Amino acid sequence: MNKQKKNYNKLSDAQKIDAFAQMLADAQHAVFLGGAGVSTESGIPDFRSKNGLYHRKRGRFSKYRPEYLLSYECLKKEPEIFFDYYRSNLDVRNVEPNAAHFSLAELERQGSLIGVITQNIDGLHQKAGSINVQEIHGTIWGNHCISCGTRYPASYIFESPEKVPGCEKCGKTVRPDVTLYGEFLPEKAYQNAIKMIREADLLIIGGTSLEVGSAAQLAHMYHGQNLVIINKGKTKMTGKADLVFRKSIGEVLQSVLS
């Protein structure tokens, strides 16, 4: 394996694309594991870069820790602050998918990709046409009452005139289907993700530094044939990868498809 990686590292950019395309052609169970970097080209900021949400706290939010503003603790103790921040920063309903999303959807349509595991909550993979998408951090596209469980669409929270949106049936708080800091991951999605990783013979990691525990845990569960990383910055798995691309995810995937 070390010899194989060394040979891959000596390839030209064009040869690396050819090698990646061959890996996809040979794979029976290729899986994509992605993070915020997949959606930044659609104009959605990530969390930890210098232009990310964590560094854009101004005015009324400046006194709070970044993680707190999207935590279960904040939702419970200071719901007005939580929903104010949520509405101000996470309304991505009008954002469109980019080349990375469309390329992944096309790879799945062709049968080259089993599915996508994403840390993102924006729903852009589905909007681009992907079918098998495991959202391990939840989604903005659904909401539910914390008491009776009544379901509501994304617009219910974003367009509610109430500072804290209430359930039409019981009056209790309606919250997003987003996994907040301090909460467990959605069990079904995470178990599906584990199954996909364990069955994969090609894992493509894109747009994530693997700093978040959930994605890092999944990545370390992978023991398949080939590992490809597409990320402009370093990741904790770079040294274990067979191919590393420090380019736009959309650019690399479009090159593989062409």
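Quick notes
- With the simple spin-label model, which puts each label point 7 Å out from Cα in the Cβ direction, the GLU80 to GLN217 separation comes to 3.6 nm.
- Neighbour-count ranking [beta-carbon atoms within 10 angstrom, fewest first] of PHE184, PHE245: PHE184, PHE245
- Out of every Cα-Cα pair that region 162-235 contains, those further apart than 20 angstrom amount to 49 percent.
- Order by protection proxy (mean Cβ within 10 Å, highest first), peptides 221-227, 153-159: 221-227, 153-159
- Convex hull (Cα only) mean projected area of region 207-253, reported in nm² to one decimal: 3.2 nm²
- Taking the DSSP beta bridges with both ends in the chain, the antiparallel portion is around 30 percent.
- Across all directions, the average projected area of the convex hull around the alpha carbons of region 130-258 is 10.1 nm².
- ASP122, ASP84 arranged by Cβ crowding within 10 Å, fewest neighbours leading: ASP84, ASP122
- Each peptide in 177-183, 10-16 gets a packing score, the mean of other Cβ atoms within 10 Å over its residues, and the list from highest to lowest is 177-183, 10-16.
- Over 31 Å between alpha carbons, listed pairs LYS76/LYS236; LYS77/LYS234; LYS127/LYS232; LYS127/LYS188: LYS76/LYS236; LYS77/LYS234
- Globularity ratio of region 55-158, using Cα Rg and 2.2 N^0.38 Å: 1.26
- Set of lysines with alpha-carbon distance to LYS10 below 18 Å, sequence-local pairs under 8 removed: LYS240, LYS247
- For the chain, the convex hull spanned by the alpha carbon atoms encloses 121 Å³ per residue.
No value in this document is a laboratory result; all are computed from the given coordinates. Computed from a predicted model, the values in this text were never measured in an experiment. Heads up, the Cβs are rebuilt from the backbone with ideal geometry, glycines too, and the neighbour counts pull from every protein chain shown.
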